[in-house]
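Structure first, then comments.
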């Protein structure tokens, strides 16, 4: 592996995050968390409900600010950056996939995948070509002109993955991406994540309760008491 390949896409150093509880006392969510993810590497983060996994993902993706520590995405620090600068960083470097697909219901799958590119002022023919190539990668070429309500749950989520990858992000962040899918569609999505991460060289962090998805990751980390720890070996199966 070349030195260039080993350059991390995502670095989190000493990240801390606290909220104020209803009684006025601080609630520690993250405490001195470190993480490094390289191109083509998929990392799964597991843990109990309420452990702070989604908050951690939001901090990594610059959707929320850390109270302490630093996050760097493709070498760019999010610390002290303006809201405008963070939005621009997210649009260039980060793709998000959530438990709900959040596709725009009035647009086709193709138009949904084109949307980030059109917002970035990419010419229509280039945006369309990129979107069609991604929909083919996720097995939706024949469904590209269907609107979200005409797609199955699994197809909707695969379209959401294609949209997340449209702008060629270096980092993919996913929060329970298969949480609403049946076993068969979940397995298709899990295979897709593992394959595309490697093929496209994208660094990925996936928050999940699904053991089958976690088992496909290069590393599985357990978030507990605000800190990350190596998780016990995960084997396939939900």
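Things worth noting here:
- Stokes-Einstein D (µm²/s) once Rh is taken as the Kirkwood radius of the chain over alpha-carbon pairs, at 4 °C in 1.567 mPa s: 71
- The simple spin-label model puts a point 7 Å past each Cα toward its Cβ; for residue 105 and residue 227 those points are separated by 4.7 nm.
- With Rh defined as the Kirkwood radius, the inverse of the mean 1/r over Cα pairs, the Rg/Rh of the range 109-238 is 1.01.
- Counting all C-alpha pairs of the range 69-152, share separated by more than 19 Å (%): 50
- Global form of the range 115-180, assessed from the alpha-carbon gyration tensor, a/c cut-off 1.5: oblate
- Beta bridges per DSSP, both residues in the chain: antiparallel share near 55 percent.
- Percent antiparallel among DSSP beta bridges (both partners in the range 71-210, rounded to 5): 20
- Förster radius 30 Å - calculated FRET efficiency between residue 129 and residue 209, Cβ distance, rounded to 0.05: 0.25
- Protection proxy ranking of 79-89, 49-59, 218-228, 139-149 - average other beta-carbon atoms within 10 Å, highest first: 49-59, 218-228, 139-149, 79-89
- The Cα center of the range 56-121 and the Cα center of the range 26-51 differ in position by 18 Å.
- Within the chain, helix-based [θ] at 222 nm, where runs of 4 or more DSSP H residues each add -39,500 (n - 2.57), nearest 500: -10500 deg cm²/dmol
- Efficiency of FRET between residue 146 and residue 182 - r from beta-carbon atoms, R0 22 angstrom, step 0.05: 0.65
- Burial ranking of peptide ranges 172-185, 97-110 (average Cβ count within 10 Å, highest at the top): 172-185, 97-110
- Here the Kirkwood formula puts the hydrodynamic radius of the range 1-64 at 13.4 Å, using every distinct Cα pair.
Laboratory data are not the source of any read-out in this text; all were calculated from the coordinates shown. Not measured: the values here are computed from a predicted model. Glycine gets a Cβ as well: all are built from the backbone with ideal geometry, and neighbour counts include every protein chain shown.
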